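Written out below as structure tokens is the structure these notes cover.
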Amino acid sequence: MKNRYIPYGYRFEKGQPVIDQEEAKAIREIYGQYAQGQTFQGIAQSLIKARIPYSGDKPCWNKNNIKRIIENRKYIGEGGYPPILEPEVFRTVRSIHKSKTANWRKPSGDPSGILWDRLRCGVCGGRMLRNGSPASTKGICQLRCENRECGNTLDIPLARLHTVVFKRLGDQLRQKAEQNDVQEYQPSSEVIRLNNAINRAIENPDDPAKARRLILEGASARYGCCPNVKGGCISTEPDWDSFKRYVDHVEISENRNIDIWPSY
């Protein structure tokens, strides 16, 4: 039986992901049906009826399989995978999905709760689910992929997760500002000093509060070096509004590498 430890639509050849053409047809069909208003469960039933297998010779389609496929950005060529879909098709379907789910969850008193909705598995693209709470595990997040056939599970300190996520976000926003700037970006000596301090703090996260403070100071200093950016000032607290606006999802691999995928 073919295990679904890589995203549906791909197989490995000589250690590299390549497109499985039969599965790629099913993916395009899934996106087409969803764009026409079909539900996850309805799509799953249509694939089972058509005897299109999900894994090996077993249909075993369900709404969670379909949801993972709808959310997986690897289908537009991210993460080193060859593209199966046109970016516009992916964006259209994701926009439809987001509009349908916008009011599913009630607002939480903790703005960081949005992070748990956007954690994704770096192995198969499924959602990463949290077991228990960091408070009950001394600040350690116990995560597992919702796809039981994938098996990606890991423990990671919550402070490190927040620290790395906001460092990645700050770097991406800085790069976006530089790309939009008609003048060349020149880092100041203060930016270089803070960048070195940030790298040391990430490598030795004994003081996560200090690491987060350095990251925010570094981001502010970088923005201050952009010629067309006025003020160069950002909040001294984790900016969950920016996270909500600019981050599509956070991907965590089985070796604890953390990457963020932008929504812009």
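The values are calculated or read from the model by the stated rules, or taken from the named source; none is laboratory data. On a predicted model such as this, the values are computed, not experimentally measured, just so you know. Note that we place each Cβ from the backbone using ideal geometry, even for glycine, and neighbour counts take in every protein chain shown.
When only residues in region 75-98 that are in contact with a Phe, Trp or Tyr (Cβ under 8 Å, 6 or more places away or on another chain) and in a helix (DSSP H, G or I) count, which is surrounded by the most Cβ atoms within 10 Å (Cβ to Cβ)? Checked region 75-98; the qualifying residue surrounded by the most Cβ atoms within 10 Å (Cβ to Cβ) is Tyr75. Only residues that are in a loop (DSSP other than H, G, I, E, B) and at pLDDT 80 or above: list them for region 237-253, please. Residue satisfying the conditions is Ser253 alone. Go through the residues of region 222-234 one by one and say whether even a single one is at pLDDT below 65, part of a loop (DSSP other than H, G, I, E, B) and hydroxyl-bearing (Ser, Thr, Tyr). No. The residues of region 247-261 that are buried (at least 18 other Cβ atoms within 10 Å of the Cβ) and over 16 Å from Lys98 (Cβ atoms), listed by number, are Val250, Glu251, Ile252, Ile258, Ile260. One residue stands out among those in region 41-59 that are more than 18 Å from Gly125 (Cα to Cα) and not in a helix (DSSP H, G or I): the one that is modelled with the lowest pLDDT, which is Asp57. Scanning region 4-27 for residues that are within 23 Å of the chain's Cα centre (by Cα) and among the hydrophobic types (A, V, I, L, M, F, W, C) returns Ile6, Phe12, Val18, Ile19, Ala24, Ile27.
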